[in-house]
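K.L.:
My questions will all concern the structure given below.
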Amino acid sequence: MFKIKKKYKKELGNNLVLKSVSSIIDVERVAEFNFKIHKEEKIDSLVKELLIKHPDVSPDNWYYVEDKQEKQIVSSLCLIKWNLLYDNIKLKSAEMGFVGTEEKYRKKGLFNILAETFSNTIKTENYDLSQIQGIPFFYKKYGYSYAIPLIRNICLKPDKITDSPANNYKFIKAGLQDVPQLKNLYNTDNLFIKTARTERIWKYLLKSALTTATAAETWLVLNKKKEITGYFRISNSTEWGNNLFVNEVSKLTGKQAINVLSKLKSLCLGYSKPYIRLDLPNTTELVKAAKNPGAVEKREWAWQIKIVNIPMFLKKIRPVLNKRIAASRFKNTTKKIGINLYKEQYEISFINGELKSIRNFISANTKLLDISYEYAVQLLLGYRNIDELMNNTFDVTADKAIKSFLNTLFPKKESFLYGIY
């Protein structure tokens, strides 16, 4: 899987040089650097497996700054490609991951250099979005906004769960031989923005990932006929606390969900974990079943997202916008809407209910949506609707004449991204 297409190198002065990973020796060095900086168990093996075996991680897009005199890596980040679906429209998203800088080299602008290189890459390679799991506030100035749920944090004590009276289902761990069925069971139809997962990703998760910091057990749900009818995944990570993390589940019936909860209780007690924690969409039957015995929903966390080019993004999602208009009372509407992002402005024109054009200026007398870029990302990705935004910030205002239309175009939707590593 490890293949070099191009080598990147740029002299920065002061004995510093910016490079991309270009050899197995580089892989080892970057892995050691990340372990030193992040101090997370098995993060070095995660870096190695991603670079060598992951189908959507290219060494060409793993950048680092080296001090030539000290002969050591002092700063680094990488680009991990995600394939997403926006109501079944394919989107290409670039995760900015494994960001870190040696302490004595901080506040010297090295991250700015790496971030600019990353930004140039996603523009050149025509990415639609960029995403990051990063620390609060810092990435705002680079155009990122909280816009897709990442951590749900629904907690349940195992003693709250009543054991299932009927032994209707059995549970066994999945292996590589189960990939075709897992791929078929991977059902995210109830999600608006979701991860598109290939068979190659499934194979990575069930093999290469098992020795890394993101290792997870995949459990199959078997009926009385020993047919695979569902699955759930349990993360081994302790990054967010020492709980039993359920970070993925297939579509289940209500009856299956109750039986899975009973199995999770058994696993939780067997692994001596204090809580079961569900990091899952609220629309799953497992979450609904867990809330009946008293699960507590704590503060959630979200992916920080950047839309690379808003006009191009609007053009790409045009079929979704047209479908929404066609199913509404605005199906024959002809109107223009001005989107004022304060630093840039766009006019979108609808003729007979269809989006026809997007221009980089606003005509006179066009009804306006005034919205900062941060909140525009949340609106376009269905994280917040126009009413929520207007009620929570003065940076968003909309003419009354277009509020209902905007609610039709950009409703609030349930999204969630199941992992790819």
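K.L.:
Could you run through the stretch 128-152 and say how many residues are surrounded by 17 or more Cβ atoms within 10 Å (Cβ to Cβ) and among the charged types (D, E, K, R)?
P.N.:
2
K.L.:
Something else about it: Can you tell me which of Glu66, Glu40, Glu70 is charged (D, E, K, R) and either part of a strand (DSSP E or B) or buried (at least 20 other Cβ atoms within 10 Å of the Cβ) (or both)?
P.N.:
Glu66
K.L.:
Okay, next question. Considering Thr195, Thr212, Thr188, Thr218, which residue is at pLDDT below 95 and under 22 Å from Arg277 (Cα atoms)?
P.N.:
Just one listed residue meets the conditions, Thr188.
K.L.:
So, Pro136, is that one part of a helix (DSSP H, G or I) and over 22 Å from Leu91 (Cα atoms) or not?
P.N.:
Against the criterion (part of a helix (DSSP H, G or I) and over 22 Å from Leu91 (Cα atoms)), Pro136 does not qualify.
K.L.:
Tell me which residues, restricted to the stretch 88-127, are surrounded by fewer than 18 Cβ atoms within 10 Å (Cβ to Cβ) and of a type in the set (Asp, Glu).
P.N.:
Scanning the stretch 88-127 gives Glu103, Glu116, Glu125.
K.L.:
Can you tell me which residue in the stretch 1-33 is nearest to Arg200 (Cα to Cα), limited to those that are small (Gly, Ala, Ser) and in a strand (DSSP E or B)?
P.N.:
Quick first cut of the stretch 1-33, residues small (Gly, Ala, Ser) only: 13, 20, 22-23, 31.
Right, trim to in a strand (DSSP E or B) and you get 13, 20.
Details: Gly13: 41, Ser20: 24 Å.
The extreme case among them is Ser20.
K.L.:
Here is a follow-up. Looking at the stretch 58-115, which of its residues are farther than 30 Å from Leu321 by Cα and of a type in the set (D, E, K, R)?
P.N.:
Asp60, Glu66, Asp67, Lys68, Glu70, Lys71, Glu102, Glu103, Lys104, Arg106, Lys107, Lys108
K.L.:
Scanning the stretch 152-208 for residues that are of a type in the set (Asp, Glu) and over 18 Å from the mean Cα position of the chain (by Cα), which turns out nearest to Lys298 (Cα to Cα)?
P.N.:
Of all residues in the stretch 152-208, those of a type in the set (Asp, Glu) come to 159, 163, 178, 189, 199.
Right, trim to over 18 Å from the mean Cα position of the chain (by Cα) and you get 159, 163, 178, 199.
Details: Asp159: 19, Asp163: 25, Asp178: 34, Glu199: 33 Å.
Taking the candidates together, the pick is Asp159.
The values are calculated or read from the model by the stated rules, or taken from the named source; none is laboratory data. Here the structure is a predicted model, which means the values were calculated and not measured. Every residue, glycine as well, gets a Cβ built from its backbone with ideal geometry; the counts of neighbours run over all protein chains shown.
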